[in-house]
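The structure under discussion appears below in the form of structure tokens.
The values are calculated or read from the model by the stated rules, or taken from the named source; none is laboratory data. Predicted model only: the values in this text are computed from it and were never measured. FYI the Cβ positions are ideal-geometry reconstructions off the backbone, even for glycines, and counts take in every protein chain you see. Only protein heavy atoms, including side chains, enter the accessible area calculation; ligands, DNA and RNA are left aside. Shrake-Rupley method; radii C 1.70, N 1.55, O 1.52, S 1.80 Å.
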Amino acid sequence: MISSNDLPQPTRGLDLSKLSRTLLRWSSRILVITVWVSAFLFGFYILAFYAAALYQGDMQRWNGVLPRLYESKTATATTGIGLHFAAGGIILILGSIQLLDSVRIRFPALHRWVGRLYIGACLLAAVGGLVFIALKGTIGGPVMSIGFGLYGLLMGWSALETYRHAIRRQLEQHRIWALRLYALAIGSWLYRMDYGFWLLLTDGLGHTRTFSGPFDQVMAFFFYIPNLLVVEAVSRAGAYRASTTLKLLTSSLLLLATVFLGVGTYYFTRYYWGPAILTWLGAA
């Protein structure tokens, strides 16, 4: 006769493994939703702020964000950065749409066409930014130019790889490169959010008006490299053989990122993005 002691008993290790998978799945979903909402709002803000300045003939407003963005004597460079901003707003909105599984699964044709527009906008944003850097440089000097230039090159490369794997029907590689591309696309949004928090918490420690201070030099790379590392961590942690510890650590990282982005989105929308969007819509 078989007793209850002879039956397989659930172990703490198995329970912890199941918990880690559940936490990773839900922390990923919550972060994606937070990023989607915040990036979508910022995309509208970019279009509202820069497009409104162009429409109203008040291009000097661009320099309120970063000095020397607009100078009448450098028309080609200005065209490049204008293209970068216009395409940047579009890719944040379209990229957020591409993240929706409901669109990808239920409307595959729409997903493909939006994807083509998205890839094209990413390439335009990358080329526009690189043209500006090549012709004019950046206000922060060589370090900032290198950091931003590398960002543009990585975005262009990721856009091409995303498209290449899509047309070859290599869907897993396409998905990973698409995530990398989106991680780069949200870089301009995180750049402003990181600066906002830093100025609030430290009163601008390490930041100078010429964007050449220690914090500025770190930020020339920090606004996109950690994003790519998060994508790699999520991709590896999602693998079946990933350790429980790695999944738990990744979940903790994602939850911390969600809190950071949620708080930042609230304050930026209330004091910056929201008013600019409402003003734009009211004038439209």
Any hit, segment 210-217, residues being part of a helix (DSSP H, G or I) and open to solvent by less than 30 Å² (accessible area, probe 1.4 Å): yes
Among residues of segment 204-222, those that are among the charged types (D, E, K, R) and modelled with pLDDT of 90 or more, counted: 1
Flag for residue 211 being on the phi > 0 side of the Ramachandran plot and either touching a residue at least 24 places away in the same chain (Cβ under 8 Å) or within 21 Å of the chain's Cα centre (by Cα) (or both): yes
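Please verify whether residue 276 is within 26 Å of residue 45 (Cα to Cα), at pLDDT 85 or above and either touching a strand residue (DSSP E or B) at 6+ places or on another chain (Cβ under 9 Å) or in a helix (DSSP H, G or I) (or both), treating the condition exactly as stated. Don't jump to the end; show me each part of the working.
Numbers: within 26 Å of residue 45 (Cα to Cα): yes; at pLDDT 85 or above: no; either touching a strand residue (DSSP E or B) at 6+ places or on another chain (Cβ under 9 Å) or in a helix (DSSP H, G or I) (or both): yes.
Taking the combined requirement at face value, the residue does not satisfy it.
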Residue check for residue 202: surrounded by fewer than 17 Cβ atoms within 10 Å (Cβ to Cβ), without any contact (Cβ under 8 Å) to a residue 24 or more places away in the chain and of a type in the set (Ser, Thr, Tyr): yes
Yes/no for residue 128 being assigned to a helix (DSSP H, G or I) and in contact (Cβ under 8 Å) with a residue 40 or more places away in the chain: yes
Segment 118-141: number of residues that are buried (at least 18 other Cβ atoms within 10 Å of the Cβ) and of a type outside the set (Val, Ile, Thr): 12
Segment 84-117, subset closer than 23 Å to residue 28 by Cα and basic (Lys, Arg), residue most open to solvent (accessible area, probe 1.4 Å): 106
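Let's see how each residue does on (1) under 14 Å from residue 39 (Cα atoms); (2) assigned to a loop (DSSP other than H, G, I, E, B):
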position	(1), (2)
73	no, yes
76	no, no
83	no, no
88	yes, no
93	yes, no
104	no, no
110	no, no
Qualifying residue in segment 121-143 (condition: more than 30 Å from residue 73 (Cβ to Cβ) and more than 17 Å from the chain's Cα centre (by Cα)): no
Residue list for segment 150-199, restricted to those being without any contact (Cβ under 8 Å) to a residue 60 or more places away in the chain, under 19 Å from residue 84 (Cα atoms) and of a type in the set (Gly, Ala, Ser): 152, 156, 158, 159, 183, 187
Neighbours by Cβ (under 9 Å, 6+ apart or cross-chain): first from segment 22-41, in contact (Cβ under 8 Å) with a residue 60 or more places away in the chain; second among the charged types (D, E, K, R) and open to solvent by less than 70 Å² (accessible area, probe 1.4 Å): 23/247; 24/247
Meets criteria (buried (at least 17 other Cβ atoms within 10 Å of the Cβ), assigned to a helix (DSSP H, G or I) and in contact with a Ser or Thr (Cβ under 7 Å, 6 or more places away or on another chain)) for residue 178: yes
Selected residue (criterion: modelled with the lowest pLDDT) from residues of segment 223-248 that are more than 25 Å from residue 155 (Cα to Cα) and surrounded by 15 or more Cβ atoms within 10 Å (Cβ to Cβ): 242
